Amino acid sequence: MTPKVKEILSWYGAQNPGVLTNLARILNHGRLGGTGKLVILPVDQGFEHGPARSFAPNPPAYDPRYHFELAIAAGCNAYAAPLGFIEAGAREFAGDIPLILKANDADVLRDDKDPVQALTASVDDALRLGCCAVGFTIYPGSAYEAEMYGQLREYAQEARDKGLAVVVWSYPRGSSLSKAGETAIDVIGYAAQIAAQLGAHIIKVKLPTDHIEQDAARKVYEAQKVPIATGAERVRHVVQCAFDGRRIVIFSGGAAVTDDDAFLAEIRDIHAGGGFGSIIGRNSFQRTREHALKLLGEVMDIYAG
Amino acid sequence: MTPKVKEILSWYGAQNPGVLTNLARILNHGRLGGTGKLVILPVDQGFEHGPARSFAPNPPAYDPRYHFELAIAAGCNAYAAPLGFIEAGAREFAGDIPLILKANDADVLRDDKDPVQALTASVDDALRLGCCAVGFTIYPGSAYEAEMYGQLREYAQEARDKGLAVVVWSYPRGSSLSKAGETAIDVIGYAAQIAAQLGAHIIKVKLPTDHIEQDAARKVYEAQKVPIATGAERVRHVVQCAFDGRRIVIFSGGAAVTDDDAFLAEIRDIHAGGGFGSIIGRNSFQRTREHALKLLGEVMDIYAG
Amino acid sequence: MTPKVKEILSWYGAQNPGVLTNLARILNHGRLGGTGKLVILPVDQGFEHGPARSFAPNPPAYDPRYHFELAIAAGCNAYAAPLGFIEAGAREFAGDIPLILKANDADVLRDDKDPVQALTASVDDALRLGCCAVGFTIYPGSAYEAEMYGQLREYAQEARDKGLAVVVWSYPRGSSLSKAGETAIDVIGYAAQIAAQLGAHIIKVKLPTDHIEQDAARKVYEAQKVPIATGAERVRHVVQCAFDGRRIVIFSGGAAVTDDDAFLAEIRDIHAGGGFGSIIGRNSFQRTREHALKLLGEVMDIYAG
Amino acid sequence: MTPKVKEILSWYGAQNPGVLTNLARILNHGRLGGTGKLVILPVDQGFEHGPARSFAPNPPAYDPRYHFELAIAAGCNAYAAPLGFIEAGAREFAGDIPLILKANDADVLRDDKDPVQALTASVDDALRLGCCAVGFTIYPGSAYEAEMYGQLREYAQEARDKGLAVVVWSYPRGSSLSKAGETAIDVIGYAAQIAAQLGAHIIKVKLPTDHIEQDAARKVYEAQKVPIATGAERVRHVVQCAFDGRRIVIFSGGAAVTDDDAFLAEIRDIHAGGGFGSIIGRNSFQRTREHALKLLGEVMDIYAG
Amino acid sequence: MTPKVKEILSWYGAQNPGVLTNLARILNHGRLGGTGKLVILPVDQGFEHGPARSFAPNPPAYDPRYHFELAIAAGCNAYAAPLGFIEAGAREFAGDIPLILKANDADVLRDDKDPVQALTASVDDALRLGCCAVGFTIYPGSAYEAEMYGQLREYAQEARDKGLAVVVWSYPRGSSLSKAGETAIDVIGYAAQIAAQLGAHIIKVKLPTDHIEQDAARKVYEAQKVPIATGAERVRHVVQCAFDGRRIVIFSGGAAVTDDDAFLAEIRDIHAGGGFGSIIGRNSFQRTREHALKLLGEVMDIYAG
């Protein structure tokens, strides 16, 4: 156990040894194992966006085994996916990489201004499939947010009791927010705080812009001159919003990016701002395997630096 | 156990021996037993469309025993029906054919743009009636989709724990979809993916058209030149959307077809496209028994070919 | 046990001996005992329409004991009522007549185009009160139909497990149906089918008219020339819709009829059409006791004929 | 045990000895003990109307102990209140007077045409606090009536199983009723019937007016010449509507009345009409203690007469 | 145990020794221990208003340990916060100060005229984290009030059974209330009464204004000449509304106040009116640590006076 991982675990003093063990498994696995940094491969886009939009650009990715193999070959810390994808490789790749079972999901066949996630897997599913953690998405700002927070509360309590870590995707959405507001710096910081208060062990948010959505927040950002001009500053602020750096916060870039350099520039921002790492889905599996491995290697080089 | 069935079971590595045993029972039964292909007789139309619309064209079909006998005589792999119909023959035909208990149903007395299925049977009902599987319908695209996915999650977990297979009817419907969209190739592929991610062991979808419903999907189909011009290509694509062929996907043709040749042409498309078989309801029991047996025999000839 | 009752019980092969015993108790009780025909006295109108509308025409009927006594004196097969009425006589008349506990009810103080029934008694209530069956009303066509079907599913499973029979009042209603549609032949046949598929052991519907409500159904009735011109033909069709006569279907006439001859003509139609009997509420207890006994006697004469 | 109380208990033949014991405790307590008549002090107005509107006219009544003492001093049969008020005196006055725990309540901070009660106490709370009964309010006519009936069903079953009596406040309200309709004779009679059918042991309704709300009811009242011209006749009719006098029905007068004589005239009507007594809240605790004791004494004189 | 604390505990005669023990722990802790007065530090603003609005004015407050340390250093009776903040210090500060786990929370990303709180922690969480009490917010006046009251009922029953105290934040809000009405004297008094009736052991309300919101209440306040002109009178009235002073009622001032003198004037009003103390969030942690300690010391001087 490296001092860095020991330090991170010390922030989670209320958790039982089972949870700490599984957090350690994720932090100690793969090329970044022991550094306190994380790169996770998530593949829920088949459910969230549809299979052709997700996998047609790189057809081997239709096969669920592809993603296990990619995450292992790239040296990711963990692989996260919905029930079906995890079931489709859990025996073959048992013990090869920490698994995160997404416990809720949504599709885009239903178009709703106030979206909700459906429950699609249980904590016991995670146990039987050998997972280290459950993943749960919330939509702060949706008319269904209270329902989703309540479901997360139940799942998180059961997961903690059973020694599993809890990873929360905190994605602001809903009729009270503008489109720009979904990635506004005040809103992303708020989303990180909500996930932390709900007991998340690992928090996943989108990279924020410098837009400020809420007037009441803007007054404070301006009065206190909170630095949010650069990407690194915004990452630093979001990390601060999650218990002043005492919770693991990782970032995604949102849409697929074709330009590797632009993508890596974002990674450098996250690293410079003290972010704990990245969750990289479409930018991994929509490239060819070779290209993805090269890009993930460069990402890990930055975080290891 | 044929190599083909062994191979298919190997795709379900996360399942307990009970589930594999029941999947094997279905795959090994009837005229197509051991081939890896399936023809299932489903009779939920009495509930879904009303008794006269379903059975008046062939009045012996009002009697629930008729369908057990038809499925057995035709050499189908399994017979699927709601609680009442299964109860009405479960003792008399005990052990004669694998049974699939439909666990939810809807009627057309209620007209709703966003339909929902009512829960009509339990997993324990399936056990007490000697069934091999539970059947569950979801309507991806309906305002109630999250509710139905959540119900399926609970049913599927209980069924798996109790060693039953899970068959999902994945029928896109709802106010966000056009009528043509319900059988659009992108939507059917998406519906197959959702069912697979929700943990279905056998997935039933309608034969897709070449219509593309969602703009975001169309861009990908065109950019990646996904072949969807012929029926066989579309079947192949849907199978690919269900974990690259590692889940059993079977097809229905939708409306009753009076022309046997047109019907058999569809079967040839499914076979050519790598589909795992058919679920044939109205085209079986709305023909005379003799005619139905002949037609089902021709269907099985194609799949056995 | 008469051959007729033996035959009827043989249709319920999936049921445990407890359910069969209670079905037999109902079929073997009273003046029609052993004939396979049934006349049941139901008194839920105090709840459903209000006490004065129900009982002011014959004030002794305000007393719950009146109905036990009437049902016993008339030789009915069973007496059905809500919790309060059953509780008010269950000890005094213990063992005197099979009891059916209505488990849900609605009132007309609330006016709703899509009605719903409230749960008003439990299966355990039925056991503790010595009942042979639970009664449950569904409104096919209501916006709440899925909720009611789901509740019936739970009640029916518990009742079956505990050896009680399940009697379903299947009353089509709701904003998708016209007033005439509530008793249309296609809709009543459909309602009988739904109740049968939901696992009802005894099905109660209203006498249908020759109106056809749904266009898709009309095409089939016309194409197949389903005979529905006379009352007897319509009864025969409804019985056919309930598993081709393999489920007990009984009929009510709807509104109170002052003309005994008109009422008895309906009974003759039911008998001629192969119906299993009648459930006669207001036409019993809104007449004087003497008159009611005479009329019920004439009804039983017809069924015994 | 007086013959009168024995007779009343005989009407509840379906209840276990625990329920009968608690009914007897209420019937045998206080100045009217053994007469079969009841005067109950209810104090839920602090919750239902607010504390100042309830207690400012007589400030000692802000103290929860005041009401225990008043009910005991006046010789009431029972004291009924929400959880907080009962908890605030249950130890100090343990065994001094039968207690009825109100299990649901509503406030007037929320203005709703279709009101609903919130669940505020449990059956186990009633047991741990030494109560003889739970009290439950329903609003027949509200859009939430089915929900409230269902909740009452669950509470009543648990209370019966645990040997507690069930007291139902049956208050018609909701968007389907006019203001006058809430106390119309047909509606109050209907409300008493619903409570009785739901299994209430003691039913509390408001004194009805001679207004008739529902056209279908008016026809019957007129055709059958149901006598409802005087207060006593209306009370008699309501008692008849509750199983022909075989359920305990008590009355409240509604709004606070400053004129003692007018108030006592109502009591005489209730007595003359065969009502079982009164539930007197604001007319007790909004008078001075001395005045209230005098008035309650006069009420009991009437009922004892 | 001081006579004052003994007296306060005597008001809670219905509670088990576990609840009394935890109430005593809170009353006996810190600088006001034994006086019967309370100052509690609550920090749920990170969830309720967002992290930057809450903590940017005093950035050390982003760290959850800051608040534990502040509450301990200031000699507060207890520290109250949501799950995440409590978990982040529960081990490090175990036994140092009584903890109150907020069990529900809301954010302002969702803008709703009728707000609702999401369930965010359980009673078992409070036990495993060593807390003395659970905290629960209700919004009397919201369309969701009945749902929240019902949730509080369940939480409070479980907490009582497990020996934990129950602290209720009673905040009137919703579409039936004007903005001024949220702090109107009649509404705040009503909110205190509702919390007390729901079984709260400690009640937290906002300082009321002299506005009267409801016409029916205004008539009584005027007719009875209830004194509400000064801050102290209004505090006295609210305390009276909570069982005539037999429930612990504490106050918050609402918005952050920059002027210490104005803030302390409010504290003097609370003390003069017989309030039991204060819950001071933003006015503590948005000042520098030094400033906050000085101000809290002055507050405690007043209450100790």
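Taking the stated definitions as given, is C:I86 open to solvent by 10 Å² or more (accessible area, probe 1.4 Å), farther than 27 Å from D:L177 by Cα and in a helix (DSSP H, G or I)?
Values: open to solvent by 10 Å² or more (accessible area, probe 1.4 Å): no; farther than 27 Å from D:L177 by Cα: yes; in a helix (DSSP H, G or I): yes.
So C:I86 fails the test.
Set side by side, the residues D:I250, D:I280 differ, and just one is within 30 Å of C:P60 (Cα to Cα) and buried (at least 17 other Cβ atoms within 10 Å of the Cβ), which is D:I250.
Taking the stretch E:220-267 on its own, how many of its residues are farther than 30 Å from E:G13 by Cβ, touching a residue at least 24 places away in the same chain (Cβ under 8 Å), outside any helix (DSSP H, G or I) and more than 10 Å from chain D (Cβ to nearest Cβ)? Of the residues in that region, 6 qualify. Can you find a residue that is touching a residue at least 12 places away in the same chain (Cβ under 8 Å), part of a loop (DSSP other than H, G, I, E, B), touching a Gly at 6+ places or on another chain (Cβ under 9 Å) and not aromatic (F, W, Y) anywhere in the stretch E:50-68? Checked the stretch E:50-68: at least one residue is touching a residue at least 12 places away in the same chain (Cβ under 8 Å), part of a loop (DSSP other than H, G, I, E, B), touching a Gly at 6+ places or on another chain (Cβ under 9 Å) and not aromatic (F, W, Y). In the stretch B:158-174, the residue that is farthest from B:L198 (Cα to Cα) out of those that are within 13 Å of chain A (Cβ to nearest Cβ) and part of a loop (DSSP other than H, G, I, E, B) is B:G174.
Checked against (1) without any contact (Cβ under 8 Å) to a residue 24 or more places away in the chain; (2) more than 20 Å from C:E48 (Cα to Cα); (3) of a type in the set (G, A, S), D:A216 passes all but a single condition, namely (2).
Yes or no, residue by residue, for (1) over 18 Å from A:I203 (Cβ atoms); (2) without any contact (Cβ under 8 Å) to a residue 24 or more places away in the chain; (3) open to solvent by less than 20 Å² (accessible area, probe 1.4 Å):
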| residue | (1), (2), (3) |
| --- | --- |
| A:I8 | no, no, yes |
| A:Y12 | no, no, yes |
| A:Q15 | no, no, yes |
| A:V19 | no, no, yes |
| A:H29 | yes, no, no |
| A:L32 | no, no, yes |
| A:K37 | no, no, no |
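Being more than 9 Å from chain A (Cβ to nearest Cβ) and not in a loop (DSSP other than H, G, I, E, B) is the requirement here; does B:Y155 meet it?
Yes, satisfied.
Selection within the stretch A:42-59: residues that are hydrophobic (A, V, I, L, M, F, W, C) and more than 12 Å from A:K102 (Cα to Cα). The member of this set that is surrounded by the fewest Cβ atoms within 10 Å (Cβ to Cβ) is A:A56.
Within the stretch E:116-140, restricting attention to residues that are of a type in the set (D, E, K, R) and open to solvent by 10 Å² or more (accessible area, probe 1.4 Å), which residue is nearest to A:Q15 (Cα to Cα)? Ranking the qualifying residues of the stretch E:116-140, first place goes to E:R128. Residues in the stretch B:94-115 that are open to solvent by less than 40 Å² (accessible area, probe 1.4 Å) and more than 22 Å from B:L41 (Cα to Cα): B:L109, B:D114, B:P115. Could you check the stretch D:194-211 and list, in sequence order, the residues that are open to solvent by 10 Å² or more (accessible area, probe 1.4 Å) and not in a loop (DSSP other than H, G, I, E, B)? D:K206 - this is the single residue of the stretch D:194-211 that is open to solvent by 10 Å² or more (accessible area, probe 1.4 Å) and not in a loop (DSSP other than H, G, I, E, B).
Residues are listed down the side, and each one gets a yes or a no for (1) under 19 Å from the mean Cα position of the chain (by Cα); (2) among the hydrophobic types (A, V, I, L, M, F, W, C); (3) farther than 22 Å from E:A103 by Cβ:
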position	(1), (2), (3)
A:T120	yes, no, yes
A:V123	yes, yes, no
A:A126	yes, yes, yes
A:A133	yes, yes, yes
A:E145	yes, no, no
A:R153	yes, no, no
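This table checks each residue for (1) part of a helix (DSSP H, G or I); (2) more than 14 Å from chain D (Cβ to nearest Cβ); (3) over 17 Å from the mean Cα position of the chain (by Cα); (4) among the β-branched types (V, I, T).
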| position | (1), (2), (3), (4) |
| --- | --- |
| E:M1 | no, yes, yes, no |
| E:A14 | no, no, yes, no |
| E:L32 | no, yes, no, no |
| E:A71 | yes, yes, no, no |
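Checking every residue in the stretch C:180-193 against the condition of being under 16 Å from the mean Cα position of the chain (by Cα), open to solvent by less than 10 Å² (accessible area, probe 1.4 Å), farther than 17 Å from C:I279 by Cβ and β-branched (V, I, T) gives zero matches. Candidates in the stretch E:268-284 are the residues that are over 14 Å from the mean Cα position of the chain (by Cα) and not in a helix (DSSP H, G or I); of these, the one that is farthest from E:T209 (Cα to Cα) is E:G274. Of A:A191, A:A146, all but one fail to be more than 7 Å from every other protein chain (Cβ to nearest Cβ) and at pLDDT 95 or above; the exception is A:A191.
Please verify whether the stretch E:259-277 includes one or more residues that are open to solvent by 40 Å² or more (accessible area, probe 1.4 Å), closer than 20 Å to E:A71 by Cα and among the hydrophobic types (A, V, I, L, M, F, W, C).
We begin by selecting, within the stretch E:259-277, every residue open to solvent by 40 Å² or more (accessible area, probe 1.4 Å); these are E:259, E:261-262, E:265-266, E:268-269, E:271-272.
Okay, now just the ones that are also closer than 20 Å to E:A71 by Cα, so none.
Among the residues of the stretch E:259-277, not one is open to solvent by 40 Å² or more (accessible area, probe 1.4 Å), closer than 20 Å to E:A71 by Cα and among the hydrophobic types (A, V, I, L, M, F, W, C), which makes the answer no.
The values are calculated or read from the model by the stated rules, or taken from the named source; none is laboratory data. Not measured: the values here are computed from a predicted model. Note that each Cβ is placed from the backbone with ideal geometry, even for glycine, and that neighbours are counted across all protein chains shown. Ligands, DNA and RNA are excluded from the accessible area calculation, which covers all protein heavy atoms including side chains. Shrake-Rupley method; radii C 1.70, N 1.55, O 1.52, S 1.80 Å.
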